[in-house]
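In what follows, a structure is listed as C-alpha cells, so that the remarks can point back to it.
Nothing in this text is a laboratory measurement; each read-out follows from the coordinates by a stated rule. These numbers come from a predicted model, not from an experiment. Positions of Cβ are backbone-derived with ideal geometry, glycine not excepted, and every protein chain shown enters the neighbour counts.
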C-alpha cells in the first residue's frame, strides 16, 4: 500500500530519482595519487632549475672516446722531433696508395683534447693551396743556373708534392694545358686571372719574370709545368728557341740545356715538350732526357703532335709519370673551331674516362676555354689538373 501511495503522489510523466548519498570527502587512494603528481612536478622543477644539465650537450650528441697515453719511463723518453715548416708539413704525401686513417687531436674547448678520425684518399692529395707558391726546400738542388727539382731524401717527388688536389672520382675527366706563359706579360696575367684554377699552366723557359708568375699561378690554384724546347724537323729553320735539345748534341750538352730550362722556376709537376717531332722520335736522344726526369721525380707531358714519339715506352722504363695529349684545341684561332675541339674532348672523356687538350695562351683561347668549362661542369664533366690523368709506373 505504501508503494501505491507513492505512485499516486508522483507527478504525471516523471519518474522518481534515487536520492544521492552524502559525500564523505576525498578518499585515501585519491589523496595518494594527488601527492604523487605533486611530487613529480617538484622533481621536474628542480631539474629545470639546475645550473647545468646532467650531460653536456656536446657529449650527448657525439660520444668521442678519450685517448690517454701512458707515461713512458724516463729512461726511454725519445727526443722531441724537430719542428717542421708549414710548407713541408702541408705537402707531405702518404706512403701508400690506399686510403689511410689518421688520428688527429683537436684543441677546441677548455677541456682535454678529444680524438678525431680523418680518412684521407691519396687521390685527392696535393699541396695545400695556401702555401702552394712556397718551394719545398727538400725538393730543390742548387745549381749554377738556379734551383733544380729533385726527389727528397725520403723519396717524395715534385710530381706528387706540387700536384693540385682533385676529387678522385671516376667520372668523365678533362685536363687542359695552356702553354706559352711568361712570354707576354699581359697575356700571362690575363690567363692566370681568367682561367679556372683546374686548368694547368705551362711556362716557356725563354719568358720573363717566371718566378713571379709561378707564385701568382700557384696562389690562384693552378698546377704548373715547364715547357722544354726540343728539336723539330727542319731545325734550325724552325727554331723552338734558346737552348733547344737536339739530336746531334751530346747527352751532356742536352742535359745542360735541360737543366737550364728546369732551373727557371720551381713548384712544377713535370715538363712538356715544345715542338720536338724529330727529337722525340730518336730513342738515343730521348733516353738520357727521360732518365733525368725519372731521377728528378718529374712527369712528362707529350703534346701529342708526333705519332712517332718514343716517349711512352721510355717513360715506362724510367719510372716517369706520362701523359699524352689527345688534341691541340687552338690550331685554328677561331672561337667556333676551338669550341668544336673542346666538345670533341668531352666526347673522348665520356668514352675513355679522360681526355687531354693542349692550347696556348692566346686571348681567344683563354676566353673560349673559360666559358666552355663553366658549361661543361654543368654537364657533369670534371676539369682536372694534368697530374690527375698521368700513367704513373710507380703506382701500377
inquiry  = If I stretch the segment between residue 220 and residue 378 completely, what's the gain in nm (0.36 nm per residue apart, minus their alpha carbon distance), one decimal?
reply    = 54.7 nm
query = Using only the Cα atoms of segment 121-241, what do you get for the radius of gyration and for Dmax, in Å?
reply = 15.8, 49
inquiry  = Give me P(r) over segment 156-395, computed from all C-alpha to C-alpha distances, binned every 10 Å, as integer percentages.
reply    = 8, 35, 39, 17, 2, 0
ask   = Spin-label point model (7 Å from Cα, Cβ direction): what's the residue 335 to residue 142 distance in nm?
value = 5.2 nm
ask   = Taking the Cα centre of each part, how many Å lie between segment 246-296 and segment 158-183?
value = 21 Å
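Taking 0.36 nm per residue of sequence separation and subtracting the Cα-Cα distance, how much length would be gained by fully extending the chain between residue 307 and residue 367, in nm to one decimal?
Working: separation 60, 0.36 × 60 = 21.60 nm, distance 2.95 nm.
Extra length available between residue 307 and residue 367 comes to 18.7 nm.
Using alpha-carbon pairs under 8 Å, 6+ residues apart, how would you state the relative contact order of segment 156-395 in percent? Numbers along the way, then the final one.
Details: 504 pairs, mean separation 67.0, N = 240.
So the answer I get is 28 percent.
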inquiry  = Sort 387-394, 189-196 by packing, meaning the average of other beta carbons within 10 Å per residue, with the highest value first.
reply    = 387-394, 189-196
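Going highest first, how would you order 166-172, 296-302, 344-350 by mean Cβ packing within 10 Å?
296-302, 344-350, 166-172
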